Amino acid sequence: MLYNFHTHTTYCDGKSAAEETVQKAIELGLSELGFSGHSYTEFDLEPCMTREGTELYKKEINALKEKYRDKIKILLGIEYDYHSDEPLDDYDYVLGSAHYILKNGEYLCIDYSREKQIEAVNKYYDGDFYAYIEDYYKTVADLYNKTKCDIIGHFDLITKYNADGSLFDVNHPRYVAAWQKAADAIIETPAVVEINTGGMARGHTNKPYPSEEIINYFKSHGKKMIFSSDCHNKDLLLCNYDDVKKYL
């Protein structure tokens, strides 16, 4: 069964309109397509939907459900950031994600750029990358408690700019302890964990989120996982699915 439940449109930071994404999904033979616009966050308006745009988004996705109901099952979802406070009553599912660390009253975006990560670590953590990472995984660990999400998004997004291992060592005891503690918390929840190819689609990584070690850890504990392309462009709707299947 082909599906994708992590899909963005021009309502947030996606490049494709919702209906053209539906048409592409039908062309590719998807049985289900879930839209997951970025939830409104008042402290960072660039990547997210506006409050007005959110209402338009919900209206259009619900209309597309009916229009294409004989061809594909469409779900109205939301990618809900840990630090968002918007209502969640109208959605078919919630994808919970951590894009920020709240430190000393400041929201530090962890996936904006490599330079921003380094700047945040130097300014707020005295250069201690592992302290920064520990705060990130504390946020991830609490995602379900805060959002009651159905899906955990890009679990180890903190590694986005560390493909070459130059920022930190993923085998360092502090790094391993941080992600394992978060994973243990998530294992106790009903949420499924996505295997996300978005970093590959945008050229930041050559492997999916989470890492092989983390995928194996979830698998060994019986945690259910699903594929996701974190689609921002209809032409990349199933980006790297075949490669990741072989990798797994």
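The values are calculated or read from the model by the stated rules, or taken from the named source; none is laboratory data. Computed from a predicted structure; not experimentally measured. Methodologically, a virtual Cβ is constructed for each residue, glycine included, from the backbone with ideal geometry; neighbour enumeration extends over all protein chains shown. Areas reflect the complete protein model, heavy atoms only, side chains present, ligands, DNA and RNA absent. Shrake-Rupley method; radii C 1.70, N 1.55, O 1.52, S 1.80 Å.
Rounded to the nearest 10 degrees, the inclination of helix 18-28 to the longest alpha-carbon principal axis of the chain is 90 degrees. The residue list N206, C239, S228 was ranked by how far each Cα lies along the charge dipole of segment 195-248 toward its positive end, using unit charges on Cβ atoms, and S228 comes out on top. With 0.36 nm allotted per residue and the present C-alpha distance subtracted, the N104-I187 stretch has 26.9 nm of extension available.
For D90, the accessible surface of its heavy atoms amounts to roughly 90 Å² (probe 1.4 Å, protein chains only, rounded to the nearest 10). Using the beta-carbon distance between K219 and S113 and R0 = 45 Å, what value does 1/(1 + (r/R0)^6) give for FRET efficiency, to the nearest 0.05? Using R0 = 45 Å, I get an efficiency of 0.90.
FRET efficiency for the N171 to E55 pair, using the beta carbon distance and R₀ = 45 Å, is estimated at 0.45. Pairs spanning more than 22 Å between alpha-carbon atoms, out of K71/K234; K15/K146; K223/K245; K116/K245; K103/K181: K15/K146; K116/K245. So how tilted is helix 51-67 from the main axis of the chain? Cα-based, degrees 0 to 90, rounded to 10. Compared with the principal axis, the helix lies near 50 degrees. Across D70, D169, D142, mean-square fluctuation computed from a Gaussian network of the chain (C-alpha pairs under 10 Å connected) peaks at D70.
Where does helix 173-187 land angle-wise versus the long Cα axis of the chain, in degrees 0 to 90, nearest 10? With rounding to tens, the tilt is 40 degrees. For the set I78, I26, the ranking by accessible area, highest first and with no ligand, DNA or RNA atoms included, is I26, I78 under a 1.4 Å probe. Modelled this way, with points 7 Å down the Cα-to-C-beta line, the labels at E27 and N206 are 3.0 nm from one another.
Average accessible surface for the chain: 47 Å² per residue, computed with a 1.4 Å probe over protein heavy atoms with every protein chain in place. Spatial offset of segment 183-216 relative to segment 1-58 amounts to 20 Å, using the alpha carbon center of each.
How much of the accessible area of the chain, in percent, comes from carbon and sulfur atoms when a 1.4 Å probe is used? Don't jump to the answer; show the numbers that get you there.
Working: 5400 of 11610 Å².
That share works out to 47 percent.
Given the choices [x] -0.88; [y] -0.55; [z] -0.64, log10 I(q)/I(0) by the Debye sum over Cα atoms at q = 0.11 Å⁻¹ derived from the coordinates of this structure is entry [y]. Taking label points 7 Å from Cα along the Cα-to-Cβ direction, K148 and Y124 give a separation of 2.8 nm.
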